[in-house]
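The following block contains the structure, expressed as structure tokens.
The values are calculated or read from the model by the stated rules, or taken from the named source; none is laboratory data. On a predicted model such as this, the values are computed, not experimentally measured, just so you know. Reconstructed Cβ throughout: ideal geometry from the backbone, glycine too, with neighbour counts over all protein chains shown. In case anyone asks, the SASA skips ligands and DNA or RNA and just uses the protein heavy atoms, side chains included. Shrake-Rupley method; radii C 1.70, N 1.55, O 1.52, S 1.80 Å.
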Amino acid sequence: KPVPEVMTAVRSAVSSMGTLTSEKKVPEGEMMKNVITGRIDTRRVWVTVRPDKQAPETVSAVSFQVRTDSSFLVGGRNPDKDTAAALAEQTTLVLIAAANPQPK
């Protein structure tokens, strides 16, 4: 899917699971990458959406990163792969629902 469609799905997924805290565009070489940050319970969320190098108009590369809010005395923030997978799944479901609208 193109970057704008994926960004809409990511916004929706993060908002439905937690709180969207910021969204920004960051230059990355010749292209721009979009970074969405948020909070899900006590976890910090970073989602990066960038156009694919081979087909930038139709394909997006998305990466999900979720970390715990652990004390630095215990070793800092640890990855939370389960929440990252749930966020990726929710984003996919939003994309599927947008591509297949149900009649009312």
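Do any strands (runs of 3 or more DSSP E) lying entirely in the stretch 8-58 carry at least 2 residues that are in contact with a Lys or Arg (Cβ under 8 Å, 6 or more places away or on another chain) and open to solvent by less than 20 Å² (accessible area, probe 1.4 Å), and which ones are they?
31-40, 43-51
Just the residues that are at pLDDT below 90 and surrounded by 12 or more Cβ atoms within 10 Å (Cβ to Cβ), please, taken from the stretch 81-104.
Within the stretch 81-104, none qualify.
Among the residues of the stretch 1-20, what is the count of those that are touching a helix residue (DSSP H, G or I) at 6+ places or on another chain (Cβ under 6 Å) and without any contact (Cβ under 8 Å) to a residue 40 or more places away in the chain?
Matching residues across the stretch 1-20 total 1.
Follow-up. Going through Glu28, Glu23, Glu57 one at a time, which residue ends up being in contact (Cβ under 8 Å) with a residue 12 or more places away in the chain and over 18 Å from Lys1 (Cβ atoms)?
The match here is Glu28.
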